[in-house]
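See structure below.
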Amino acid sequence: FYKAAGVMIADTAHSSSSSTSLIEGQQQLHMTIPRILQICIAYILNALSFSLHSEANLLPRRVLLGAAISGMSTASTTPPPIRWGIVGLGDVTIKKSGPPFFKCEGSQLVAVMRRTPGKAAEWAKRVPPENHCVGYDNLEDFLKHKGLDAVYIATPPESHAEICAKVAAAGKAVYVEKPVGRCAGETRRMAECTQRAGKPFYTAYISRAYERTQAIRRILQNGEIGDKILSVNYTVIGTGGARGLDTDELPWRLNAKRAGGGLIMDIGCHILDRIDYLCGPLTNVKGEAKNLNSPGQDVEDFVTLEAEVGPCDWAPMLAEGAKVSCTWDFSGTSSQPPKDQLVITGETGFIKCVGMSPSLPVSVYNSEGDLVQQMDFTTPEHTAQPLIQAVTNDLRGLSKACCLSYGNNAIRTSAVLDTILSSYYGGREIGYWDRSESWPGKRKV
């Protein structure tokens, strides 16, 4: 009982953005008995590694206790903002995911880091002055930034694991860009190191939080295509909207050592996670990968998947046993025009939409193929902002949105990718990218 109260006081005093002393924090001992009991319950749940169906990783005491306190009627002030830092300032941070860290409610961007001398300081100038954002050229100095709470890792995947370990060891919450690790083993290693450090581990599967994804969840939950999902089909022909391909040198997204594979690691992971989120985990996964028409790259350019949906308790409607079929054709050999289509079929109708879009329409059809409704959406200025807002709210102890993406779902997606790519690379253990001469699927010159 007293331990729980003491932890809350110590954590509160430590996390305060002002110069509040521990003695001042001890004034919280004069709380009501019900309030202390709620804090005690939160402490016990954390000690027992308790988690709800949101599949959150173990949260630190500060976050759990903050959540317990936030729902109570007290004279306490609004939780302080989360002071974010970004490591890696490439194209993904220009518009998609950088600005939300200083635009989200309760969020401040106080530090950025890039190894190229002067580039981080230059990037920091775009942040509103009230954030007092500082640019750093090395990770060690960046992690010492006073008051830094959480870090977004936006570098290419090759450095995610190393940076994640250092950020967690420095006592910061971690938010990692997808596909998180280059293989499931690396993704799992990141989840384990953050859990050992007692820090939250979020993953940037931003499409979960799109307005259109939430609209699809409501369609499913309301039974508008029946009471059960029967099948899920996805096809992409082209590049799927991948960025950074128009370069003279081989793009990092087509370098297994840097990205973990070809474009499926950048594009396919989003769809696989979305199916997991909307329907359930993929089981009985089978697949094949080939390099059909890309002599300039060692990675695959054509991938297929066949699977079934397994049981879960987070999907909006029953989908267990549904058949899943996906094709990613980045080879340029198809006689069909470019295509990006996701179809979810239920007992009495189906949903059809573009898979890789934050705003294109979602159409609902009946079983005869007649259009029942079409939902249109506004293109968000920053596509990552809804999820970053949800993560910030969670860190502040205000709310826990169903769209939050953690280490567990990222590990499942990495495992599916490993399964369908394994035959091409001759296994997907950590370090497979360093033995390219042994890859069975590698295109022969």
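Scanning the stretch 131-152 for residues that are open to solvent by 90 Å² or more (accessible area, probe 1.4 Å) and closer than 23 Å to D394 by Cα returns a single hit, K146. Scanning the stretch 347-367 finds one or more residues that are more than 18 Å from Y210 (Cβ to Cβ), hydrophobic (A, V, I, L, M, F, W, C) and buried (at least 19 other Cβ atoms within 10 Å of the Cβ).
The sole residue among R188, R196, R114 that is closer than 30 Å to S423 by Cβ, open to solvent by 20 Å² or more (accessible area, probe 1.4 Å) and at pLDDT 95 or above is R188. Sub-6 Å Cβ pairs linking a first residue in the stretch 156-182 that is within 20 Å of I206 (Cβ to Cβ) to a second residue that is of a type outside the set (A, V, I, L, M) and open to solvent by 10 Å² or more (accessible area, probe 1.4 Å), at least 6 apart or interchain, are P156/W252; P156/R258; P157/R182; A173/K199, ordered by first then second residue. Being open to solvent by 20 Å² or more (accessible area, probe 1.4 Å), closer than 28 Å to G426 by Cβ, charged (D, E, K, R) and within 22 Å of the chain's Cα centre (by Cα) is not true of K286. For the stretch 199-210, the set of residues classified as open to solvent by 10 Å² or more (accessible area, probe 1.4 Å) and either among the hydrophobic types (A, V, I, L, M, F, W, C) or without any contact (Cβ under 8 Å) to a residue 40 or more places away in the chain (or both) consists of A209 only.
N408 satisfies every condition listed in (1) farther than 18 Å from K172 by Cβ; (2) surrounded by 15 or more Cβ atoms within 10 Å (Cβ to Cβ); (3) touching a helix residue (DSSP H, G or I) at 6+ places or on another chain (Cβ under 7 Å) except (3). Every condition in (1) surrounded by 22 or more Cβ atoms within 10 Å (Cβ to Cβ); (2) under 22 Å from the mean Cα position of the chain (by Cα) holds for R258 except the one numbered (1).
Evaluating G296 against the criteria (1) open to solvent by less than 30 Å² (accessible area, probe 1.4 Å); (2) of a type outside the set (V, I, T); (3) modelled with pLDDT under 95 leaves one unmet condition, (1).
Of note, R182 satisfies the criterion of being open to solvent by 10 Å² or more (accessible area, probe 1.4 Å), part of a loop (DSSP other than H, G, I, E, B), among the basic types (K, R) and on the phi < 0 side of the Ramachandran plot. Taking the stated definitions as given, is S422 open to solvent by less than 20 Å² (accessible area, probe 1.4 Å), at pLDDT 95 or above and of a type in the set (G, A, S)? It is false that S422 is open to solvent by less than 20 Å² (accessible area, probe 1.4 Å), at pLDDT 95 or above and of a type in the set (G, A, S). Going by the conditions given, is T327 of a type in the set (S, T, N, Q), open to solvent by 70 Å² or more (accessible area, probe 1.4 Å) and under 25 Å from the mean Cα position of the chain (by Cα)? Here the answer is no, as T327 does not meet what is asked.
The values are calculated or read from the model by the stated rules, or taken from the named source; none is laboratory data. Keep in mind that this is a model prediction, so the values were computed, not measured. So basically every Cβ, Gly included, is an ideal-geometry build from the backbone, and we count neighbours across all protein chains shown. Side chains included, ligands, DNA and RNA excluded: accessible areas come from the protein's heavy atoms. Shrake-Rupley method; radii C 1.70, N 1.55, O 1.52, S 1.80 Å.
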